[in-house]
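The values are calculated or read from the model by the stated rules, or taken from the named source; none is laboratory data. Because the structure is predicted, anything quoted here is derived from the model rather than measured. Cβ atoms come from the backbone with ideal geometry, glycine included; neighbour counts cover every protein chain shown.
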Amino acid sequence: MPAAAPRPPRAGSVGWCLALAFGALAAGTATAQTPPAPAATAATAAAQPTASPAVQRSLQAVRSAPAVQQVLDDLRTDHARAVEELRHLVQIPAPPFKEQRRAEYVVKRFKELGLADAAIDQEGNAVGIRKGTGNGPRLVVSAHLDTVFPEGTNLTVREEGGKLHAPGISDDTRGVTVLLSWLKALNERQLATVGDIVFVANVGEEELGNLRGMKALFRTHADIDGMVGLEPGEGDGILNQGTGSHRYEVAFKGPGGHSFAAFGQVPSAIHAMGRAIAHIGDVQVPAEPKTTFTVGKVGGGTSVNTIAGDATMAVDIRSNALPTLLQAEKDIMAAIQRGVQEENRRWNAAAKITAEPKMIGDRPAGATAADQPIVQAAVASVLASGGKPTLRAASTDANVPMGLGIPAIILGSGGKNGGFHALGEWFDPTDAWKGAQTGLVTVLALVGVQGTSEPVLARRPPRR
């Protein structure tokens, strides 16, 4: 089997990044122009993903096995019950950092479905391990508990035109219910796998959760060989590239003063922020690897007749490759300081404006190459189901294992969906069981089915 994807270099510390940007500015070398983009990665190079003959044979052996066919048929016949569980689960609030109630429900269900040792870990993840027969890989299958919606949001499910509308119903409550459906079908049919399957409903994927649940899982489990996560999607899309992101809150501080009495004597924190934002808007980033930025939130000041002594803004920087992420970060930090210096020069006052960036989000960039067995197993499963596999990139829980060099992908949980992160979010359950089947076949090929096929996923030396 192809070797595991090499571990990409880790980003430097926040202080290192800022020192790099500010030092370049002081030396007069900082520029808004980003250097030429590096060559496309193996993850993006395969326009038409294919699977090797060996992986296709393993996948077909799994898919055609009578015992597996029974499990897959159970997913179809259990669909109506699974949709009712989705209706129930989505109405259990799980705002960022407050996922406890939903985690408790999932652990209870894990135990009812046969994972006696299921528990909530120290970070708040619901974790249960389904043991294999031995000497196989250990695969995480996951979906995140949290949604973007705050406490107090009306979570009542509304059905209209065959669609179920509720905040968070697709992202990612549907994924969690698929995990439960998989576990139910596997254990009721007593299907023995060679490798272990670690069922995880994790916290901290959305907003400022900063992937805390998945980071904690991989920090405390050094024996994980791969990860398959679930996110909204019909099932043909395979996410094998993790978009990295750095997020900053930047605090501008100055003396402040009366808008009339102190005019010309002190600089304005808000004006400095405005100058900085204008320079950020001029930063150039490459089209490939895709790199983006935005100032998503601003605030500050005391009153309409006050020269602002404080202002804050939140900056989001993303890229599909670590080097371009760091370059964009460097350019944006230089733009911030340029705005501060211009405001200070404008008034030439003794008291100065300062800007203090604080990192509030760090998602590692990474990729699982298209020739990796975990990707090829997913491709083969989609092809076998009559679909057209596509590879794509996004920022998800898979960023964590990808950043560690551990094979990871995200699959669609099945069913049409839309309106993500909006109160009108919806899920169409029509034939959604097909996506659940495709995903489970991928999982079974990776861990192997006792008496039918050896695992496609290789075991890795435990991390230290």
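Annotations for the structure displayed:
- Here the condition is being assigned by TED's automatic domain parsing to the domain that holds residue 254, of a type outside the set (Lys, Arg), closer than 17 Å to residue 277 by Cα and in a helix (DSSP H, G or I); of 314, 335, it holds for 335 alone.
- Here residue 216 does not fit the description of being farther than 30 Å from residue 164 by Cβ and outside any helix (DSSP H, G or I).
- Of all residues making up region 117-152, the number that are over 24 Å from residue 374 (Cβ atoms), touching a residue at least 24 places away in the same chain (Cβ under 8 Å) and loosely packed, with under 15 Cβ neighbours inside 10 Å: 3
- Any chance residue 235 is in a strand (DSSP E or B) and buried (at least 21 other Cβ atoms within 10 Å of the Cβ): no
- Single residue of region 62-90 satisfying the filter (under 22 Å from residue 195 (Cα atoms) and free of Cβ contacts under 8 Å to residues at least 40 places away in the same chain) that is surrounded by the fewest Cβ atoms within 10 Å (Cβ to Cβ): 66
- With a requirement of 1 or more residues that are surrounded by fewer than 24 Cβ atoms within 10 Å (Cβ to Cβ), the helices (runs of 4 or more DSSP H) lying completely within region 362-459 that satisfy it span 373-384, 433-447.
- For region 268-310, the tally of residues that are in a strand (DSSP E or B) and buried (at least 20 other Cβ atoms within 10 Å of the Cβ) stands at 3.
- Single residue of 71, 62 found to be β-branched (Val, Ile, Thr), under 26 Å from residue 126 (Cα atoms) and at pLDDT 95 or above: 71
- Taken over region 242-276, the residue count meeting the criterion of being within 28 Å of residue 127 (Cβ to Cβ) and in contact with a Lys or Arg (Cβ under 7 Å, 6 or more places away or on another chain) is 3.
- Answer residue from region 317-332, given it is assigned to a helix (DSSP H, G or I) and among the polar types (S, T, N, Q) and is surrounded by the fewest Cβ atoms within 10 Å (Cβ to Cβ) among those: 327
- Some residue of region 149-166 being closer than 22 Å to residue 210 by Cβ and touching a helix residue (DSSP H, G or I) at 6+ places or on another chain (Cβ under 8 Å): no
- Boolean, residue 151 is touching a strand residue (DSSP E or B) at 6+ places or on another chain (Cβ under 9 Å) and modelled with pLDDT of 95 or more: no
- Selection status of residue 432, at pLDDT 95 or above, out of contact with any helix residue (DSSP H, G or I) (no Cβ under 6 Å at 6 or more places or on another chain) and not assigned by TED's automatic domain parsing to the domain that holds residue 291: yes
- Residues (more than 23 Å from the chain's Cα centre (by Cα) and within 15 Å of residue 236 (Cα to Cα)) located in region 433-451: 433, 434
- Unmet requirement for residue 228, which otherwise passes all of (1) more than 30 Å from residue 383 (Cα to Cα); (2) in contact with a strand residue (DSSP E or B) (Cβ under 6 Å, 6 or more places away or on another chain): (1)
- Conditions (1) part of a helix (DSSP H, G or I); (2) closer than 13 Å to residue 200 by Cα; (3) touching a residue at least 40 places away in the same chain (Cβ under 8 Å); number of the one not met by residue 174: (2)
- Total residues in region 177-200 satisfying the condition of being of a type in the set (S, T, N, Q), touching a residue at least 12 places away in the same chain (Cβ under 8 Å) and over 15 Å from residue 411 (Cβ atoms): the figure is 2.
- Scanning region 36-49 for residues that are at pLDDT 50 or above, surrounded by fewer than 15 Cβ atoms within 10 Å (Cβ to Cβ) and either more than 27 Å from the chain's Cα centre (by Cα) or not small (Gly, Ala, Ser) (or both) yields one hit, 48.
- Among the candidates 328, 321, residue that is under 23 Å from residue 209 (Cα atoms), out of contact with any helix residue (DSSP H, G or I) (no Cβ under 9 Å at 6 or more places or on another chain), of a type in the set (Gly, Ala, Ser) and at pLDDT 95 or above: 328
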